[in-house]
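Participant: I am attaching a structure below and will ask some questions about it afterwards.
Each reported figure results from applying straightforward, stated rules to the coordinates on display, with no laboratory input. This structure is a prediction, so every number in the text was calculated from the model and none was measured. Cβ placement follows ideal geometry from the backbone for every residue including glycine, while neighbour counts extend to all protein chains displayed.
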Amino acid sequence: MRSMVLIALVALVLCDEGLARLLDEKCESQEEFGGTSERPLGTSWMASVYNETGHHCGGSLITKRFVLTAAHCIEGQDLLYVHLGEYDRSCPPWKCMGEVDPFNVSVAIVHGHFSFDHGQYDIGLLRLEREVQFNVFIRPICIILDDPVNSAAVNEYWVYGWGMLRAFGKKSNILQAIKLYQRELKDCRYTIMPLTDRQICAGATIGDTCGGDSGGPLAAYFTYQGIKRFVQFGIVSYGRNFCNSNGVYTNVMSYQKWIADTISRYEDKNTLLNIRFN
């Protein structure tokens, strides 16, 4: 990310959504945010997805067994594993609070309609080989499964990652965050294929997501049953190479059923990587 700020969450009361159904009722609420200068809280759901070469993409923990990420982070990968509880990736586990042993990925599921050619349906799930034990540093982000939730009504988001601080630079060791604003879809038309309502266009006056941020969550505060929760609305998908413009994000609210159905189907299975599921 470029021109990023360190983790600092600002509460946004978007609406009172009392009928929502959460994917995991134990997802993090605002009342649980806090932390210290050495290890700020409020990002306990953030996942770092590694391949053979190191940090590959971002992701978000959504249940005890599944991480949500972008399909293009999974496609063509032979070996993936997930780090949870990280903040500073350069800090050794014995020294840093919150980190646990990496999780092997037993199943990687790519949406069946995803293609690198058009960039749509850029969503995937990673099933972890063992269950996650929730604690103050590791909790799932909130995924709302009800149809009435409309991401178009959200004007401000936060997005997170360990990506490049500038185009063609080095990836950050420290988890970064930037505040983005909803844009019109036409402002993000970078390919021949037009964007659809299954995608979100978001950007800022200064700064953008960059290489290595793919798969990370685009999120905002949402009031659920009187409690402010951090809800995921998008997934970092793609943008311009120079990391200084609006970016395209997969609209999570368009895939509520796919997420629930996929988790239900693969909850208790250990199979090979790179399954495609419509």
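Participant: Compute the FRET efficiency between Phe242 and Lys186 as 1/(1 + (r/R0)^6), taking r as their Cβ-Cβ distance and R0 = 25 Å, and round to the nearest 0.05.
Facilitator: The calculated FRET efficiency here is 0.80.
Participant: Just the ratio, please: alpha-carbon radius of gyration of segment 69-142 over 2.2 N^0.38 Å, N its number of residues.
Facilitator: The reported ratio for this selection is 1.29.
Participant: Put a dot 7 Å past each Cα toward the Cβ at Glu267 and Leu145; how far apart are the dots in nm?
Facilitator: Distance between label points: 0.9 nm.
Participant: Treat the count of other C-beta atoms within 10 Å as a stand-in for reagent exposure and order Thr196, Thr250 from fewest to most.
Facilitator: Ascending Cβ contact count within 10 Å gives the list Thr196, Thr250.
Participant: How far apart, in nm, are two points set 7 Å out from the Cα along the Cα-to-Cβ line at Asn135 and at Trp94?
Facilitator: Distance between the two pseudo-spin positions: 1.7 nm.
Participant: Report the gain in length on full extension from Lys26 to Arg198: 0.36 nm times residue separation, minus Cα-Cα distance, nm rounded to one decimal.
Facilitator: Result: 59.3 nm gained on full extension.
Participant: Extension gain Ala153-Asn173, at 0.36 nm per residue separation less the Cα-Cα distance, in nm?
Facilitator: Between Ala153 and Asn173, full extension yields 3.9 nm more.
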